[in-house]
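Written out below as structure tokens is the structure these notes cover.
The values are calculated or read from the model by the stated rules, or taken from the named source; none is laboratory data. What you see is a predicted model; the values in this text were computed from it and never measured. With ideal geometry, Cβ positions are generated from the backbone for all residues, glycine too; neighbour counts draw on all protein chains shown. We work out accessible area using only protein heavy atoms, side chains counted, and drop any ligands, DNA or RNA first. Shrake-Rupley method; radii C 1.70, N 1.55, O 1.52, S 1.80 Å.
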Amino acid sequence: KMKKILLGMFCLLSAVSFAGDFDREEHILAGEIYKNFPVLEAGKKINLKEIDVDIEDDKAVEVDVEFAVGSEVNVADYDAYAKKISAEINKSIKSTIGDEFKLIKLEIDTSGIRNDKKIYRY
């Protein structure tokens, strides 16, 4: 039994050492974005299918936000969403992983609603 536990721990450590440089930060930031996800209009329901955070070696942050079916998203107003979401992401970056990280790309994906997506670069 002890051998199994040690083997399991070794496998975990191996997996961690081969993972990306910023896995921990990506996980923390994604959790923070989920927690503080902005709603564009009061009373509108937002269901998130996925938030994917990718941090490059140069500390550039890319975030993909995918809305789930049932989200009351005004697909005519992606720009307003992008502005609000990116402001929230920038706040989350500063408060959780630090000023040296910068949001460079935001992708808003409503494929579950209208089979559409829009990419913003900063």
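A few comments on the model shown:
- Whichever residue in the stretch 101-122 is over 14 Å from Tyr81 (Cα atoms) and of a type in the set (Ser, Thr, Tyr) and, among such residues, is modelled with the lowest pLDDT: Ser111
- Long-range neighbours under 8 Å by Cβ, at least six apart or interchain, first residue within 14 Å of Glu88 (Cα to Cα) within the stretch 99-122, second open to solvent by 40 Å² or more (accessible area, probe 1.4 Å) and of a type in the set (S, T, N, Q): Leu103/Asn90
- Among (1) among the acidic types (Asp, Glu); (2) surrounded by 17 or more Cβ atoms within 10 Å (Cβ to Cβ); (3) touching a Leu at 6+ places or on another chain (Cβ under 9 Å), the one test that Asp109 misses: (3)
- Complete set of residues in the stretch 67-100 that are part of a loop (DSSP other than H, G, I, E, B) and either at pLDDT below 90 or out of contact with any helix residue (DSSP H, G or I) (no Cβ under 9 Å at 6 or more places or on another chain) (or both): Ala68, Val69, Gly70, Ser71, Glu72, Val73, Asn74, Glu100
- Scanning the stretch 43-76 for residues that are on the phi > 0 side of the Ramachandran plot and within 17 Å of the chain's Cα centre (by Cα) returns a single hit, Lys59.
- Scope the stretch 33-66; condition in contact with a helix residue (DSSP H, G or I) (Cβ under 8 Å, 6 or more places away or on another chain), open to solvent by 40 Å² or more (accessible area, probe 1.4 Å) and within 18 Å of Asp23 (Cα to Cα); matching residues: Asp52, Asp54
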